[in-house]
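For reference, the structure discussed in these notes is given below.
The values are calculated or read from the model by the stated rules, or taken from the named source; none is laboratory data. Predicted model, so just to flag it, every value in this text is computed and none were measured. Cβ sites come from the backbone with ideal geometry, for glycine too, and all protein chains shown count toward neighbours.
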Amino acid sequence: MNLFSHNLKTKSPLADRMRPVSLDEFVGQEHILGKGKILRKTIEEGVIPSLILWGPPGSGKTTLAYIIAKKTKANFVSFSAVALGVKQLREVIKQAEAQRKAYGKSTLLFVDELHHFNKSQQATFLPYVENGTIILIGVTTENPSFEIISPLLSRCQVYILDPLTKEQLNPILERALADKQRGLGKYKIKIEKKAREFLLEAADGDARRLLNTLEISTRGQTSSITLKDIEEALQIKTLRYDKKAEEHYNVISAFIKSMRNSDPSASLYWLARMIEAGENPRFIARRMVILASEDIGNADPQALSVATAAAQAVEFVGMPEAQLNLAQAATYLASAPKSNASYIGLKSAQADVKRYGTLPVPLHLKNPVTSLMKKWGYGKGYKYAHEYPKGKTGMECLPKELRGKKYYK
């Protein structure tokens, strides 16, 4: 018997049906929702400030927003930044102002995928959050530091949600299998140990992925879920990597630091992560060109040529073949001797520029392009290096305030 032979169109997905309806059902995020934590106290008291919930998919952001909505007496409005625009937002705000004027009630505005609003659109919220017309609960998978404007951040409390651990995902799985009303309990399905372990691992901290995979794997099953069922349901494990999200910056950071640490194997792993996730190869190549000068420099001047050639190959060959050029460059840079002397020297020189300001160029280094400039002493005392043994003179080339300073060592 097919467990789902009834009309699926009238039934919401398992992940939606199993959404927690209270803090007692909510799993994970103890660092902000544990007993005595400020956010939990705030929710239980029902006095909610504007806030932004930031975390990876399936960590409970939307669920937490709906739990908060149930606890407040404010008028609740749900809004999707993906599906709707500023025109609809202004209408919501207009209604919120009317509600406040007529009943003295604020409107709790839940905005899903807040980062999809651009900076000017985000600015629309500012006066209404400021005067309390709306209580904003923004949900985002993107790092607010990069994607949310500073004035809005200053008016909201940001709470970070972590990916769920396997230990936290397991009770969610158990509840879905046992719950007879919202879950799969009435079917008395069991899941084999290997299948359970694989599912918990493949969920990658995402409760929604866990439940969606479980639901797909149970279709047509009457007794137990095997490892093969989970593998077929997953097809392929989707990497948790968004080119605009924080994980994007984490992975490129690991890639750069692995090459800097002269670890070609780790460099290839992080490169593979980016390639499989669809990262822009131009971005990868640009970062390698930077590293070639920042971390290798004159310890191996050829490194910059290799990195630049890889960047050119990306343009000339294109993907997927250009991944070979990126791999060659990454392993070369990782294996090359390292020196950050040029980088450190530049930073030291920049520090002196900020400290001393625009110090005058010594007269002997100025080019006397006119007779009047020559009369003023421009170029007087300049020594042409090629006329001296070894092509070097004792002439001072720094401003007098910095004479004797050594930036490059």
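A few comments on the model shown:
- Condition broken by S12, with the remaining ones in (1) part of a strand (DSSP E or B); (2) closer than 26 Å to D179 by Cβ satisfied: (1)
- Filter result (surrounded by 13 or more Cβ atoms within 10 Å (Cβ to Cβ), under 27 Å from the mean Cα position of the chain (by Cα) and in a loop (DSSP other than H, G, I, E, B)) within the range 25-47: F26, V27, G28, Q29, K37
- Residue match in the range 150-158 (condition: of a type outside the set (A, V, I, L, M) and modelled with pLDDT under 90): no
- Identity of the residue in the range 360-401, in contact with a Pro (Cβ under 9 Å, 6 or more places away or on another chain) and assigned to a helix (DSSP H, G or I), that ends up farthest from A349 (Cα to Cα): K375
- Test: residue in the range 320-338 that is in contact with a helix residue (DSSP H, G or I) (Cβ under 6 Å, 6 or more places away or on another chain), closer than 30 Å to L271 by Cα, free of Cβ contacts under 8 Å to residues at least 60 places away in the same chain and exposed (fewer than 15 other Cβ atoms within 10 Å of the Cβ): yes
- Matching residues, the range 276-331, being over 27 Å from the mean Cα position of the chain (by Cα) and of a type in the set (A, V, I, L, M): I296, A299, A303, L304, V306, A309, A313, V317
- Any hit, the range 135-142, residues being in contact with a His (Cβ under 6 Å, 6 or more places away or on another chain) and among the acidic types (D, E): yes
- None of A102, A98, A178 is assigned by TED's automatic domain parsing to the domain that holds K193 and out of contact with any Pro (no Cβ under 8 Å at 6 or more places or on another chain) except A178.
- Some residue of the range 87-100 being outside any helix (DSSP H, G or I) and of a type outside the set (D, E, K, R): no
- Verdict on S22 being surrounded by 12 or more Cβ atoms within 10 Å (Cβ to Cβ), part of a loop (DSSP other than H, G, I, E, B), of a type in the set (G, A, S) and not assigned by TED's automatic domain parsing to the domain that holds L169: no
- Residue count, the range 188-226 (criterion: farther than 21 Å from P57 by Cα and at pLDDT 85 or above): 12
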